[in-house]
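These notes concern the structure reproduced below.
The values are calculated or read from the model by the stated rules, or taken from the named source; none is laboratory data. Keep in mind the model is a prediction, meaning the values are calculated, not measured. Cβ placement follows ideal geometry from the backbone for every residue including glycine, while neighbour counts extend to all protein chains displayed.
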2 protein chains.
Amino acid sequence: MINVLEAKNIILSNSQDYGIESVDFIDSLGRVLKEDIFADRDFPPFDRVCMDGISLSYSVFVKGKREFVIEGVQAAGSPQKTLMNSDNCLEVMTGAMVPINSDIVIPYELIEIENGIAKISIDEVKELQNIHLRGKDKSEGDLLIPKNKKITAAEIGVLATVGKIKVLVAKRPKVLIVSTGDELVDVSEKPLEHQIRRSNVYSIQALLLNLSVSSDIKHLADDKDSLLKEIARSLKEYDVLLFSGAVSKGKFDYIPEVLDELGVEKLFHKVKQRPGKPFWFGRRASLITYNDDITNNSKKNTVVFAFPGNPVSAYVNCLKYFYPWYEKSVFGKEKEREVARLSDDFNFKANITYFLQVQLKNIDGELIAVPLSGNGSGDLANLTEASALLELPANRTEFKKGAVFPVIRYR
Amino acid sequence: MINVLEAKNIILSNSQDYGIESVDFIDSLGRVLKEDIFADRDFPPFDRVCMDGISLSYSVFVKGKREFVIEGVQAAGSPQKTLMNSDNCLEVMTGAMVPINSDIVIPYELIEIENGIAKISIDEVKELQNIHLRGKDKSEGDLLIPKNKKITAAEIGVLATVGKIKVLVAKRPKVLIVSTGDELVDVSEKPLEHQIRRSNVYSIQALLLNLSVSSDIKHLADDKDSLLKEIARSLKEYDVLLFSGAVSKGKFDYIPEVLDELGVEKLFHKVKQRPGKPFWFGRRASLITYNDDITNNSKKNTVVFAFPGNPVSAYVNCLKYFYPWYEKSVFGKEKEREVARLSDDFNFKANITYFLQVQLKNIDGELIAVPLSGNGSGDLANLTEASALLELPANRTEFKKGAVFPVIRYR
């Protein structure tokens, strides 16, 4: 059995670049930018008025003149005007071009206007005051957003500003989530005594939506022939298969042998961790094909994450393994991991990594991980009370209050 | 001019319950749960096998018997079987019901099977070992998720488990985002020298999508008559109007007077903060109507957030004011705010609250706010380099390294 670090390294070394695609910028929220975004002009693109008021000549003002005839108005969105007589002024609006022959802006708050004449009530001004000079923020050609950045609201605003109506983003793998287990019935059904409802596929699908990854869902019966047929087809159609269930030693746990027969190479099975130990991971290399009609994605491996059927196990493994695999695939590198401080002493006897369900609290700027009371392997309802998983390393049984461990936030 | 706390309190006191609606549980991710979710049965719903192996009678085992004829197989998803002869055993699969007359499960790892007989290689067992007893996690009727919780992947799994195919969630307000300013052109256009592209409406729309709130977008010209007409209509159609621009002292800053003429009560204009000072907030009480055909949402106020046109100002105000207003409206209370520790000394002279753009780092479990170098009022591109806003209070000019301040994360 390998440990969590080995498991993660194997998984990360099987991350894959799925290429790029062009999308409307308004649809790019949450996606990963795959082109550098440059300033298409200076920002601001002209000497820009920063306050509503009047603009006039600094040199005239410093000579002592305090009353200025208003020649007109320079509105935002209007072509640049010229101050015709330097003893006069123009009313100017925030966002407007600073008129030619004027070089200071005095806000309305500091003037009085009567009969078309602006009287200024201050004696001190600074050259270029209240003017946002052309190119002060950025120059044309400056790099505004480097590629491989996640597109959030701020990036959307920048894309709009530079007119990138179409933007290159990372393509996402095509993902299928498969549940197995004959005890599972549909959510809409009333289960018989020996049955339970399917839930893992939905919580995993939701976890993937947090990454802006959509996915399909399928349920397969514990029947080897139909598993062979269905999984063979899915291996062709999808880049990633996520299974939940049927990876243990049970008589009907056909997933590992079916995957083997379909040419999916097992890279590991079982990880020294709790929960989530019977996790199976493999890939089908692109060159091994089992059907003549495989043509499309022939250069891509299909990777297979086969999680245990226990809801908490599947949830933990998705966060711990699928998330970094996906991030490495689309960002080109793993995301930085967070750490948090344990609020209380905690003991865990088995010599394997333990994912402790915790509530993450921000106390005076410190991230404090508070274990859920009565925490066991846990049912799914516990996950609704926790907000993160604290990763307690193997080789230790006592975890002291105040010690710092890696943490995986999920809300 | 009021301060940020006064502004926020006025805004929070104008939060509003928009009622509830029923949605498919798979579409409820990110929404706010508006009903308590109870266990529809015990969890597990039956004494459940936890390991693949054999089940047999504890009392027979402790009498010394170590070889058991296998009577058959109890699969997961099959009705409960009975161990007919207590000297025998049944093969049992993870997730199956524990067969009647058996009360321990011994995993395959600890037995050998030959000619239909299981030989057990251990001498110590515990009563009920590897059995997850009915109701151990939850009893029928137990509260699993209290209402007013945000629905994340974990909650989706619980909703599926208890068969909540339809779930009650908070209705969201209908939001319109309006840009004004004749200097603004469409993203797809090439601006003339005195023009810039619209960007605020898109970044604000994206900020709202982070809250799972969709919104419409409109651009209005700086023309008082058309503003009056368009805004009158929008006040009827929407619960929330978010403006950006035209709230200062400019000649064409018609928004405050237009809102006033349309019966929108100004609750404040201008807040002691930078950026985002010229923020205008108001509401139109439901009883004041200006057209006979207002019938639908007649019990609701329309609230109006009129942000400044500066992209960073609008962004900051949306995070600082719209976010808590929305959270109070749908959750019934404000979300807990985070704090972070300043990485370096920082000075800010004006006696107003300053929203400092910072990168938030987790260093040994501490949230450290690192100011962006060369931080000014800032252009939108700076927001792509930062990840949060540190809220530095008024009444101080020096902010010391190590001091803790409220922080608003936005990525």
Given the condition facing chain A (nearest Cβ under 7 Å), more than 25 Å from the chain's Cα centre (by Cα) and closer than 21 Å to B:Ser59 by Cβ, answer yes or no: does some residue in the stretch B:92-107 qualify? yes
Test result for A:Lys190, within 12 Å of chain B (Cβ to nearest Cβ), under 29 Å from B:Gln80 (Cβ atoms), over 26 Å from the mean Cα position of the chain (by Cα) and surrounded by fewer than 22 Cβ atoms within 10 Å (Cβ to Cβ): yes
Filtered residues of the stretch A:193-220 (kept if among the hydroxyl-bearing types (Ser, Thr, Tyr) and at the interface with another protein chain (Cβ under 7 Å from one of its Cβ atoms)): A:Ser199, A:Tyr202, A:Ser203
So B:Pro146 ticks every box in (1) closer than 19 Å to A:His194 by Cα; (2) within 11 Å of chain A (Cβ to nearest Cβ); (3) loosely packed, with under 15 Cβ neighbours inside 10 Å; (4) in contact (Cβ under 8 Å) with a residue 40 or more places away in the chain but one. Which box is left unticked? (1)
Only helices (runs of 4 or more DSSP H) wholly contained in the stretch A:145-260 count here; list those with 3 or more residues that are out of contact with any helix residue (DSSP H, G or I) (no Cβ under 6 Å at 6 or more places or on another chain). A:200-209, A:224-237
In the stretch A:209-253, what residues are touching a residue at least 40 places away in the same chain (Cβ under 8 Å), within 16 Å of B:Asp52 (Cβ to Cβ) and of a type outside the set (S, T, N, Q)? A:Asp222, A:Gly245, A:Ala246, A:Val247, A:Phe252
Quick test for you: out of B:Asn351, B:Asn347, B:Asn395, B:Asn382, pick the one residue that is more than 23 Å from the chain's Cα centre (by Cα) and crowded, with 17+ Cβ neighbours inside 10 Å. B:Asn382
Given (1) closer than 30 Å to B:Val312 by Cα; (2) touching a Gly at 6+ places or on another chain (Cβ under 9 Å); (3) surrounded by fewer than 22 Cβ atoms within 10 Å (Cβ to Cβ), B:Asp223 misses just (2)
Residues of the stretch A:171-183 being more than 7 Å from chain B (Cβ to nearest Cβ) and either under 30 Å from A:Gly135 (Cα atoms) or touching a strand residue (DSSP E or B) at 6+ places or on another chain (Cβ under 8 Å) (or both), in sequence order, are A:Lys171, A:Pro173, A:Lys174, A:Val175, A:Leu176, A:Ile177, A:Val178, A:Ser179, A:Thr180
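Mind listing whichever residues of the stretch A:231-253 are modelled with pLDDT of 90 or more and either within 14 Å of chain B (Cβ to nearest Cβ) or within 26 Å of the chain's Cα centre (by Cα) (or both)?
Hits for the stretch A:231-253 are A:Glu237, A:Tyr238, A:Asp239, A:Val240, A:Leu241, A:Leu242, A:Phe243, A:Ser244.
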What about A:Phe38, is it in contact (Cβ under 8 Å) with a residue 60 or more places away in the chain and over 50 Å from the mean Cα position of the chain (by Cα)? no
Only listed residue being within 14 Å of another protein chain (Cβ to nearest Cβ), outside any strand (DSSP E or B) and within 30 Å of B:Ile151 (Cα to Cα), chosen from B:Lys335, B:Lys328, B:Lys401, B:Lys361: B:Lys335
Conditions first: (1) over 30 Å from A:Thr302 (Cβ atoms); (2) not in a loop (DSSP other than H, G, I, E, B). A:Lys136 passes all but one, so which condition is the exception? (2)
Breaking point among (1) of a type in the set (D, E, K, R); (2) closer than 30 Å to A:Lys249 by Cα; (3) surrounded by fewer than 16 Cβ atoms within 10 Å (Cβ to Cβ), for B:Arg48: (3)
Flagged in the stretch A:102-130 as touching a strand residue (DSSP E or B) at 6+ places or on another chain (Cβ under 6 Å), surrounded by 13 or more Cβ atoms within 10 Å (Cβ to Cβ) and closer than 19 Å to A:Gly72 by Cβ, in numbering order, are A:Ser102, A:Val105, A:Ile106, A:Pro107, A:Tyr108, A:Ile111, A:Ile117, A:Ala118, A:Ile120, A:Asn130
What do you reckon, is A:Leu228 under 17 Å from the mean Cα position of the chain (by Cα), at pLDDT 95 or above and aliphatic (A, V, I, L, M)? no
Criterion (of a type in the set (S, T, N, Q), within 19 Å of B:Phe322 (Cα to Cα) and loosely packed, with under 15 Cβ neighbours inside 10 Å) met by exactly one of B:Asn3, B:Asn9, B:Asn14: B:Asn9
Filtered residue count, the stretch A:40-91, keeping only those that are of a type in the set (S, T, N, Q) and either within 9 Å of chain B (Cβ to nearest Cβ) or at positive phi (or both): 2
Among the listed residues B:Lys136, B:Lys150, B:Lys174, B:Lys166, identify the single one that is at pLDDT below 95 and not aromatic (Phe, Trp, Tyr). B:Lys136
Over the stretch A:364-378, the set of residues closer than 19 Å to A:Lys320 by Cα and either in contact with a Lys or Arg (Cβ under 7 Å, 6 or more places away or on another chain) or in a strand (DSSP E or B) (or both) is A:Ala369, A:Pro371, A:Ser377
Condition met for A:Val330 (surrounded by 17 or more Cβ atoms within 10 Å (Cβ to Cβ), in contact with a strand residue (DSSP E or B) (Cβ under 9 Å, 6 or more places away or on another chain) and more than 30 Å from B:Ile37 (Cα to Cα)): yes
Checking the conditions here, which among A:Glu112, A:Glu127 is in a loop (DSSP other than H, G, I, E, B) and more than 11 Å from chain B (Cβ to nearest Cβ)? A:Glu127
Has the stretch A:177-186 got any residue that is within 22 Å of the chain's Cα centre (by Cα), buried (at least 21 other Cβ atoms within 10 Å of the Cβ) and either in contact (Cβ under 8 Å) with a residue 40 or more places away in the chain or closer than 30 Å to B:Pro44 by Cα (or both)? yes
Against the conditions (1) more than 7 Å from chain A (Cβ to nearest Cβ); (2) among the hydrophobic types (A, V, I, L, M, F, W, C); (3) buried (at least 22 other Cβ atoms within 10 Å of the Cβ); (4) within 19 Å of the chain's Cα centre (by Cα), where does B:Leu168 fall short? Just the number, please. (3)
